[in-house]
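One structure is given here, and the rest of the page talks about it.
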C-alpha cells in the first residue's frame with residue numbers, strides 16, 4: 001500500500017499528512033509534485049491543507065489547473081481513493097471531483113480550534129473504523145470553510161448519504177452554535193457518488209497522536225489503510 005501526498009506552492013500541511021501516514025499509520029508514502037502528471041503507482045492520494053498558490057482568486061481556483069490534478073481526476077474517476085483535507089477539500093470542489101463551493105466564514109474571521117464532528121456515514125473507505133453517529137474531536141483551521149451548494153445538489157447528497165461529517169455538539173446534536181463557519185446544514189465533509197473521494201474541512205492529521213492533544217483524527221487514516229488492505 002502506498003500513499004501519495006501532493007505538494008503545491010503554499011501547501012503547509014503536506015508534511016503533517018506524510019508524517020501521519022508513514023510514522024503513525026506505518027504505511028509507505030511519497031510526495032507528489034504539483035507540476036507532474038505521475039502519481040507514482042500510489043493506491044491513495046492525499047490533497048493536503050494549506051494555501052495552494054496563495055489562495056489567489058479564491059481557494060483552489062489555481063490549483064485545479066495543476067498537471068497533478070488532471071491525473072488525480074482520472075484516478076478518482078477510476079475508483080482510486082482520494083482524500084482532500086481543508087484546502088484539499090476546496091481544491092476537489094474547484095476541480096469538479098466533489099460538488100459545491102466555499103465561501104468565507106460567517107463573521108469573516110479565520111477560525112482555528114478543535115471542533116466536534118458527527119459521523120453521518122460510517123460505510124465509506126474513510127470512516128469504516130468509526131461508528132455511525134460517533135462524535136469525533138478534530139481541529140479546524142480555515143477562513144473559507146463555509147460550504148454551499150444548490151438545493152438540487154443538497155437533496156442528492158442527502159438522498160445518497162454522501163454527507164459524511166457534520167459539525168455537532170459533543171453530545172452529537174446538530175445546532176447552529178456548533179457550526180464554526182456557517183456551512184450549509186453544518187456540513188463538514190462529503191464524498192462522491194462512488195464513495196472513493198472524500199473532502200473534509202477538519203484536519204485529522206492534527207489529532208493523530210497523543211502528543212498533539214488528541215488521536216480521534218487517526219481513525220480516518222486507519223480507515224483508509226484498512227480499506228486499501230481489503231482490496
Just wondering, is there one or more residues in region 94-112 that are at pLDDT below 95 and surrounded by fewer than 21 Cβ atoms within 10 Å (Cβ to Cβ)? yes
Selection count, region 56-70, where residues are under 26 Å from residue 105 (Cβ atoms) and loosely packed, with under 14 Cβ neighbours inside 10 Å: 3
Strands (runs of 3 or more DSSP E) within region 78-184 that include 1 or more residues in contact (Cβ under 8 Å) with a residue 12 or more places away in the chain and more than 15 Å from the chain's Cα centre (by Cα): 101-103, 111-119, 135-142, 146-148, 163-168
From the options 73, 79, 88, 4, residue that is under 28 Å from residue 227 (Cα atoms), surrounded by fewer than 17 Cβ atoms within 10 Å (Cβ to Cβ) and out of contact with any helix residue (DSSP H, G or I) (no Cβ under 8 Å at 6 or more places or on another chain): 79
With the requirement that a residue be farther than 20 Å from residue 29 by Cα, in contact (Cβ under 8 Å) with a residue 12 or more places away in the chain and touching a helix residue (DSSP H, G or I) at 6+ places or on another chain (Cβ under 8 Å), what does region 195-226 give you? 200, 201, 213, 214, 216
Every residue from region 167-190 that is touching a helix residue (DSSP H, G or I) at 6+ places or on another chain (Cβ under 9 Å) and more than 18 Å from residue 104 (Cα to Cα): 168, 174, 175, 190
Looking at (1) surrounded by fewer than 22 Cβ atoms within 10 Å (Cβ to Cβ); (2) part of a helix (DSSP H, G or I), which is the one condition that is false for residue 205? (1)
If you scan region 17-55, which residues turn out to be over 17 Å from the mean Cα position of the chain (by Cα), surrounded by 20 or more Cβ atoms within 10 Å (Cβ to Cβ) and closer than 14 Å to residue 224 by Cβ? 29, 42
Report yes if some residue within region 39-58 is part of a helix (DSSP H, G or I), modelled with pLDDT of 95 or more and more than 21 Å from residue 206 (Cα to Cα); otherwise report no. no
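Residues checked against (1) on the phi < 0 side of the Ramachandran plot; (2) touching a helix residue (DSSP H, G or I) at 6+ places or on another chain (Cβ under 6 Å); (3) in contact (Cβ under 8 Å) with a residue 12 or more places away in the chain:
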residue: 12; (1), (2), (3): yes, no, yes
residue: 16; (1), (2), (3): yes, yes, yes
residue: 23; (1), (2), (3): yes, no, no
residue: 26; (1), (2), (3): no, no, no
residue: 33; (1), (2), (3): yes, no, yes
residue: 37; (1), (2), (3): yes, yes, yes
residue: 42; (1), (2), (3): yes, no, yes
residue: 47; (1), (2), (3): yes, yes, yes
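The values are calculated or read from the model by the stated rules, or taken from the named source; none is laboratory data. These numbers were taken from a predicted model, which means no experiment stands behind them. As a convention, Cβ positions derive from the backbone with ideal geometry for all residues, glycine included, and neighbour counts pool all protein chains shown.
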